[in-house]
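Here is the structure we will look at, set down as structure tokens.
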Amino acid sequence: MDTLIVVGPGGVGKGPLAGLIRDDAVTIDPYRLRMGGPRRNSDDPYYAPPRVRAELHSVLAVLGDSLQPIPCEPEKMEWFPKGRVLFFTVRGEWQCLILQRLDGEIAKAELYAPLLPAILGIPEIRRPLGSIYVMVLNPCSDPLTSMANWRDLESKTRDNCKNRGDSDASVTDRVGRIWIEAPAWRRLVTDHGALELVNWNFPEYRFKKEDNKQLLRGARMAILEQYPALDIFFKHEHEI
């Protein structure tokens, strides 16, 4: 299996890229155990009540699985190797990822970037994901390794989130995370061979105003011009 993981700041355009991914790709998405319920609506397929964590803990313990805590400050991470069940917090709220029955040729995952160095450092977790490609969407003209501070990244994120219609509170929250997430994106590039798309110009708000097929084809071309190996994950141009 080959797995593509897409990361980047809020509003940069991670979500719309799902339209590029082949229809036969396995989707690897964690269940969100949110205290406040589903974020968007009651039909959120990846919402699960918080009690699921305690219940799965009990079931896995009865089956002889042992919890292995994984250092991941300031977040928390718990790994059950026999069941291949990973619990982790994202900004303090628990999520659950079950790494079973991943038998497709390719897969796509969206995971919280500050967790990835810890996840990629554990062979038992990496193995089910196969060959991993991490793609970092950077809306700025400078690569992450050249940035002396995160001001430009914060400014771009503020603009992208405002333009897609986020509330003031949501914009502030997204921008306020940059100082935590940007160092993780940089570590993914320097230490884990992540593929960085500098000056990424396909933010989410454009997909609300412009022709989506044309934008997706442009995004596909921009990615493959730099990283042609990612072609294995994408639909052919005529399929978009």
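For region 77-95, give me each residue that is of a type in the set (Lys, Arg) and either out of contact with any Gly (no Cβ under 9 Å at 6 or more places or on another chain) or part of a strand (DSSP E or B) (or both). Spell out the reasoning first.
Here is the first cut: in region 77-95, the residues of a type in the set (Lys, Arg) are 82, 84, 91.
Arg84, Arg91 - these are the residues of region 77-95 that are of a type in the set (Lys, Arg) and either out of contact with any Gly (no Cβ under 9 Å at 6 or more places or on another chain) or part of a strand (DSSP E or B) (or both).
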Original post:
Does region 50-58 contain any residue that is among the polar types (S, T, N, Q) and assigned to a helix (DSSP H, G or I)?
Top reply: yes
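Just to check your reading of the model, which residue among Leu111, Leu116 is of a type outside the set (S, T, N, Q), surrounded by 14 or more Cβ atoms within 10 Å (Cβ to Cβ) and assigned to a loop (DSSP other than H, G, I, E, B)?
Values: Leu116 fails: assigned to a loop (DSSP other than H, G, I, E, B).
None of the other options fit; the residue is Leu111.
Taking into account only those residues within region 208-230 that are within 19 Å of the chain's Cα centre (by Cα) and in a helix (DSSP H, G or I), which is farthest from Asn160 (Cα to Cα)?
Let us first name the residues in region 208-230 that are within 19 Å of the chain's Cα centre (by Cα), namely 216, 219-220, 223, 227, 230.
With the extra rule that they be in a helix (DSSP H, G or I), the set shrinks to 216, 219-220, 223, 230.
On the way: Leu216: 17, Ala219: 17, Arg220: 20, Ile223: 20, Leu230: 25 Å.
Among those residues, the one meeting the criterion is Leu230.
Please work out if Glu196 is at pLDDT below 95, among the charged types (D, E, K, R) and crowded, with 20+ Cβ neighbours inside 10 Å.
Working: at pLDDT below 95: no; among the charged types (D, E, K, R): yes; crowded, with 20+ Cβ neighbours inside 10 Å: yes.
The answer is no for Glu196.
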Original post:
If you scan region 199-218, which residues turn out to be modelled with pLDDT of 95 or more and basic (Lys, Arg)?
Top reply: Arg206, Lys213, Arg217
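Given Glu237, Glu196, which one is out of contact with any Asp or Glu (no Cβ under 8 Å at 6 or more places or on another chain), under 23 Å from Asp29 (Cα atoms) and among the acidic types (Asp, Glu)? Write out each step before concluding.
Working: Glu237 fails: under 23 Å from Asp29 (Cα atoms).
On inspection, the qualifying residue turns out to be Glu196.
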Original post:
Among Arg174, Arg187, Arg217, Arg151, which is the only one that is buried (at least 19 other Cβ atoms within 10 Å of the Cβ), assigned by TED's automatic domain parsing to the domain that holds Gly11 and basic (Lys, Arg)?
Top reply: Arg174
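Restricting attention to region 33-92, and to residues there that are of a type in the set (Phe, Trp, Tyr) and more than 23 Å from Ile180 (Cβ to Cβ), which single residue is surrounded by the most Cβ atoms within 10 Å (Cβ to Cβ)? Reasoning before the result, please.
Our first condition is that a residue be of a type in the set (Phe, Trp, Tyr); within region 33-92, this holds for 46-47, 79-80, 87-88.
Restricting the remaining residues to those that are more than 23 Å from Ile180 (Cβ to Cβ) gives 47, 80.
On the way: Tyr47: 16, Phe80: 20.
Looking at the filtered set, the residue picked out is Phe80.
To keep it simple, each residue is scored yes or no on (1) touching a Leu at 6+ places or on another chain (Cβ under 6 Å); (2) within 20 Å of Tyr112 (Cα to Cα); (3) touching a residue at least 12 places away in the same chain (Cβ under 8 Å).
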| site | (1), (2), (3) |
| --- | --- |
| Asp166 | no, yes, yes |
| Arg177 | no, yes, yes |
| Trp185 | yes, yes, yes |
| Gly193 | no, yes, yes |
| Asn201 | no, no, yes |
| Tyr205 | no, no, yes |
| Gln214 | no, no, no |
| Arg220 | yes, no, yes |
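In this structure, is Trp79 in contact with a helix residue (DSSP H, G or I) (Cβ under 6 Å, 6 or more places away or on another chain) and of a type outside the set (Asp, Glu)? Break it down stepwise before answering.
Values: in contact with a helix residue (DSSP H, G or I) (Cβ under 6 Å, 6 or more places away or on another chain): no; of a type outside the set (Asp, Glu): yes.
No; evaluated as a whole, the condition is false for this residue.
The values are calculated or read from the model by the stated rules, or taken from the named source; none is laboratory data. Not measured: the values here are computed from a predicted model. Every residue, glycine as well, gets a Cβ built from its backbone with ideal geometry; the counts of neighbours run over all protein chains shown.
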